[in-house]
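Following: one structure in structure tokens, then a few remarks.
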Amino acid sequence: MLGLILAFPEKQWDDCTVPVNDEPVLRLTEKRLLMSKRIDKILAVVREDKLKTYSLHVLNPVPVSARSKTGALLKAFPDEPFFLVEGSMPLVMPFLVDYLIGLYHRNEPEAVIPIWRDGTAEVTQAIYEPGPLKSAIEAALAEGYRGLGKVVEFLDYEPVSIEELSRRNPKVTLSFLRIRSRMNAEFAEKVLSEAQF
């Protein structure tokens, strides 16, 4: 399956070049995704004006010009099912990626999306069918929603309980850490140095 990294900073804390263990968080995210047994190719959607910087850190950057992550995703839309992850998630768990892809292949829904107990969807660590996702994004934009978080309201997706998965393996929750501050980066460094992933 295709892995699609959304490395498209909208805000100051979205910098995907923040170092974690002396490597940019984007490179670590790509490495972790490549550790999955079911990901065979990775593309990274990057800002066109940051192409030089990001091309140093990822194998296949796809430069786009857009105002938001949603707009960037629409411009770089793949034509095959894909696993979407943000470029600032260096602890993405390969076993979780493999599990979610397995669910997708077994049931073939429009999407497989991890959900927290409060109903919050982790839309940037999920699997999507391109056609239904594109329609959902367009419907969300037509309703005035700009963020990716609202697309779940327009998709027929298979929810996966994060809490239920974390009862089986507590490392699951680490997969959803986003690097938004130096404190997040230090935590990720500590986790990566203490454990064998």
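Using a 1.4 Å probe, how large is the accessible area of VAL62, given in Å² and rounded to the nearest 10?
Answer for VAL62: close to 40 Å² accessible.
How much accessible area per residue does the chain have, counting only protein heavy atoms and a probe of 1.4 Å, in square angstrom?
Accessible area per residue: 49 Å².
With a 1.4 Å probe and all protein chains kept in place, how do MET1, MET93, MET35, MET183 rank by accessible area, largest first? Could you put the intermediate results ahead of the total?
Values: MET1 30, MET93 0, MET35 95, MET183 145 Å².
From most exposed to least exposed: MET183, MET35, MET1, MET93.
For LYS69, which aspartates and glutamates qualify as cross-link partners when the Cα separation must be under 16 Å and same-chain residues fewer than eight apart are set aside?
Straight-line reach from LYS69, under 16 Å: GLU10, ASP14, ASP15, GLU48, ASP49, GLU86, GLU122, GLU138.
Counting only the backbone N, which residues of region 65-109 are under 15 Å from the spot 7 Å out from the Cα of ASP156 toward its beta-carbon?
Hits in region 65-109 for ASP156 at 15 Å: 107-109.
Which of the lysines could a cross-linker span from LYS171 if the Cα-Cα distance has to be under 16 Å and same-chain partners fewer than 8 positions apart are dropped?
Leaving aside lysines fewer than 8 places away in the same chain, those within reach of LYS171 are LYS190.
With a ≥ b ≥ c the root eigenvalues of the C-alpha gyration tensor of region 39-197, is it rounded (a/c under 1.5), prolate (a/b larger than b/c) or oblate?
oblate
I'd like the Kirkwood hydrodynamic radius of region 74-115, using the inverse of the mean 1/r over distinct C-alpha pairs, in Å. If you can, show how the numbers build up before the last one.
Working: mean 1/r = 0.0849 Å⁻¹.
In region 74-115 this quantity evaluates to 11.8 Å.
Rg and Dmax of region 1-96, using alpha carbons, in Å: what are they?
Cα-based Rg and Dmax for region 1-96 come out at 12.3, 35 Å.
Which of the trypsin sites (Lys or Arg not before Pro) across region 95-197 are loop residues per DSSP, with 16 or fewer other Cβ within 10 Å?
ARG117, ARG146, ARG180
Sorting TYR128, TYR145 by accessible area (1.4 Å probe), largest first, what list results?
Numbers: TYR128 5, TYR145 80 Å².
Solvent-accessible surface, decreasing: TYR145, TYR128.
The values are calculated or read from the model by the stated rules, or taken from the named source; none is laboratory data. Here the structure is a predicted model, which means the values were calculated and not measured. Because the Cβ atoms are built from the backbone with ideal geometry, glycine has one as well, and the counts that use them run over all protein chains shown. These accessible areas exclude ligands, DNA and RNA; they are computed on the full protein's heavy atoms, side chains included. Shrake-Rupley method; radii C 1.70, N 1.55, O 1.52, S 1.80 Å.
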